Amino acid sequence: MVFVKTYKRYFITVGVIWAACFVLFLFVYLLVLGPQKNNKKHIENKLAEKKQVYELAQRAARKETKIQFNEQLERLQNRLKDFVIDFEDSANLTFDISQIADEKKVTSFSIKSKGNRGLSAIPGCNNIFENHIVISFIGNFNQFATFLNALERHRPVLFVDKFAITHSGQDESTYRVTLNVASFVRKQRDVKTADKGPEQVYGTEI
């Protein structure tokens, strides 16, 4: 009986010691090891980010990468030219439309800017304006349809906002047509910008 009590007391003592050790270990982990582990993870993440930036910088410094970037930039520039005309070339737009009118053999053709030089700001765009022009001519319905189709196929793109078609008063087969047309025009560049290479100019905010 005495042996059993001694054995039981021994296990209780061992259990208390183990519980105390567990609490002490948990306390040490929370105060020391836990923060160190989180700090180690944070450092590893920062190291991975720095490594990624370093590898990207190495790739950018390679000749092959520069060539790929320049080719991609040139493709984007050519695509942009499908939608935006340079301010210096905006006068050619009137000539292009006049040539279309000559090809379609319309009469009483006129083209003029709408409002103040036809240019209006676009919300959120710093370097592109919207150019509004009014086109008027007399022709039959087929001439009107082919003229409109030619405008839609023009590059840079022309947007026909609205049009009006009425009898011309000359004969029943001819009509007077008025079209409101818009295009995108790049803001006139200053001398410093004009001296830069294409990769610098097109890097500016639109």
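The values are calculated or read from the model by the stated rules, or taken from the named source; none is laboratory data. Only a predicted model underlies this, so the values are computations on that prediction, with no experimental measurement involved. For neighbour counting, all protein chains shown are included, and Cβ atoms are generated from backbone atoms with ideal geometry for every residue, glycine included. Ligands, DNA and RNA are excluded from the accessible area calculation, which covers all protein heavy atoms including side chains. Shrake-Rupley method; radii C 1.70, N 1.55, O 1.52, S 1.80 Å.
Given R0 = 25 Å, the distance between the Cβ atoms of Glu130 and Thr107 translates into a calculated FRET efficiency of 0.30. Label separation (Gln188 vs Val53): 4.2 nm, computed from points 7 Å beyond Cα along the C-beta direction.
Evaluated with a Cβ-only charge set (Lys, Arg +1; Asp, Glu -1), segment 146-188 carries a dipole of roughly 420 debye about its Cα centre, given to the nearest 20. The stretch between Asn180 and Arg79 holds 33.9 nm of extra length on full extension. This uses 0.36 nm per residue minus the Cα-Cα distance.
Of all aspartates and glutamates in the structure, those lying under 20 Å Cα to Cα from Lys112, and not within fewer than 8 positions of it along the same chain, are Asp86, Glu88, Asp89, Asp96, Asp102, Glu103, Glu130, Glu152, Asp161. Solvent-accessible surface of segment 99-189, taken per residue with a 1.4 Å probe and all protein chains present: 58 Å². Backbone amide hydrogens, once placed in the peptide plane, bring Ile128 within less than 5 Å of Lys187, excluding anything fewer than 5 places away on its chain.
Evaluating 6.51 cos²θ - 1.76 cosθ + 1.60 at θ = phi - 60° for every residue in segment 90-102, the Karplus couplings come out as 5, 5, 5, 5, 4, 5, 4, 5, 5, 5, 4, 4, 5 Hz, glycine and proline recorded as x.
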